[in-house]
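Beneath this line is the structure, given in structure tokens, with notes to follow.
We did not get these values from a lab; they are worked out from the coordinates using the rules stated. Every value quoted in this text rests on a predicted model; they were computed, and no experiment measured them. Because the Cβ atoms are built from the backbone with ideal geometry, glycine has one as well, and the counts that use them run over all protein chains shown.
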Amino acid sequence: MVLFCFSFPPISCRMWGMNYTALKEACMTYSKGFDEVEDLIMDWGRGNKDLKRPLQEIMALDNNARYPAGYGNMSAGNYLLSLVTTDAKAIKKLMVKGEAVLTDQGKRVFTLLKETPAFWCFFEIKEKLDGDFMTIIDQMTGMEHLLYSPGVSGMQKSGESRDKALSDPYAFQWGVSADSRRHQV
């Protein structure tokens, strides 16, 4: 499974131990702040002339019967998220641009992303933990991560997708070329 991951710094996880209630609360708080950050990134992407063609090509997947409805639009959003949230310099630039419109919660998410940018992870589930938590192993690096994902948990409950290499709704099924990095924030 390929997943676009956001990870709390390891010190944060150790700080909470395996108190899943506190961890889930932290994930939900992060998610609320991330909604603001996501809106800012989408606005930036819509206004970026250099991204017009790549975004149109990705969104054209909605017109391809091989893909489910909304897949192109969702993938275009993921593309924009990946351009910013995996790049500490881009995070910092957009954080400055959004200073006036972000709440303290949104600013905190940007700060966490700057400290620990998002990353791509081709993983295997090592252990299902409490609720929607699981331990995953990055198949490329061997690193272990704690993942909270209601989407992945739901897929594991389904007989059709359990333990199969399927793409999470927030994951890409195609790679981002090194060339795409030229689209600066």
In the structure shown, of 92/157; 107/128; 114/157; 24/92, the pairs separated by more than 29 angstrom at the C-alpha atoms are 92/157; 107/128; 114/157
In segment 53-157, the GluC sites (Glu not before Pro) that fall in loop regions by DSSP, at most 12 other Cβ within 10 Å: 99
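If you wrap a convex hull around the C-alpha atoms of segment 33-144 and split its volume per residue, what is the figure in Å³? Mind showing how you got there, number by number?
Details: hull volume 16.9 nm³, N = 112.
About 151 Å³ per residue, rounded to a whole number.
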Given unit charges at Cβ for Lys, Arg (+) and Asp, Glu (-), the dipole magnitude of segment 61-151 about its Cα centre in debye, nearest 20, is 440
